[in-house]
Amino acid sequence: MTFKEYQEEARKTAVYPNLGNNFIYPTLGLVGEAGEVAEKIKKVLRDNNGEVSEEKKQELTKEIGDVLWYIANLSFELGLSMEEVALKNLEKLKSRMERNELHGSGDNR
């Protein structure tokens with residue numbers, strides 16, 4: 001499945017206020033779901049010495065999928081394709097790598 005196909009399919013399941021003109025809802029959902037991923041990882045560190053069991057991997061798969069859904073819909077709300085977002089991200093990282101600027105902080109390295 002391509003990013004384009006995923007984004008189109010994810011959009012078919014989008015139900016929230018002001019659909020098509022609401023970037024706030026998917027932004028808040030993204031943050032919430034990313035927090036759920038972080039919570040599950042935290043508990044793996046606390047309860048399982050950092051070892052991810054098959055059960056936890058399945059739980060994480062679902063939560064990461066939720067993150068992906070919100071990314072797809074946030075991108076759509078902003079008029080962006082996920083393919084465009086992915087390509088721009090790789091271009092940015094390759095440029096940083098070529099300039100030896102992967103370390104550090106700030107968007108404009």
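By other beta-carbon atoms within 10 Å, ranking M1, M97, M82 with the fewest at the front produces M1, M97, M82. When D66, D107, D47 are sorted by how many other C-beta atoms sit within 10 angstrom of their C-beta, beginning with the fewest, the order is D107, D47, D66.
A straight Cα-to-Cα reach below 17 Å connects K12 with the aspartates and glutamates D66, E77, residues fewer than 8 places away in its own chain not being considered.
The GluC sites (Glu not before Pro) found in the stretch 31-71 that occupy coil by DSSP, while having at most 12 further C-beta atoms within 10 Å, are E51.
Show that you can apply the helix-only estimate: for the chain, add -39,500 (n - 2.57) for every DSSP H stretch of four or more residues, divide by all residues, and state [θ] at 222 nm to the nearest 500. Calculated mean residue ellipticity at 222 nm is -24000 deg cm²/dmol.
Show me the helices of the chain, taken as full DSSP H stretches, that run 30 Å or more along their long axis by Cα and average -0.5 or above in Kyte-Doolittle hydropathy. Helices meeting the criterion: 24-48.
Within the same chain, lysines fewer than 8 places from K42 are excluded, and of the rest, those with a Cα less than 25 Å from its Cα are K56, K57, K62. Taken about its Cα centre, the chain carries a charge dipole of roughly 300 debye when the Cβ of each Lys and Arg holds +1 and the Cβ of each Asp and Glu holds -1.
Here is the result for the stretch 1-76: no chymotrypsin sites (Phe, Trp or Tyr not before Pro) lie in DSSP coil with at most 13 other C-beta atoms within 10 angstrom of their C-beta.
Work the Kirkwood hydrodynamic radius out for the chain: mean of 1/r over every pair of different alpha-carbon atoms, inverted, in Å.
About 15.9 Å, per the Kirkwood formula over Cα pairs.
Coordinate-derived values only; no laboratory data. Quantities reported herein were computed from a predicted structural model and do not represent experimental measurements. No Cβ is skipped: glycine too gets one built from the backbone with ideal geometry, and neighbour counts run over all protein chains shown.
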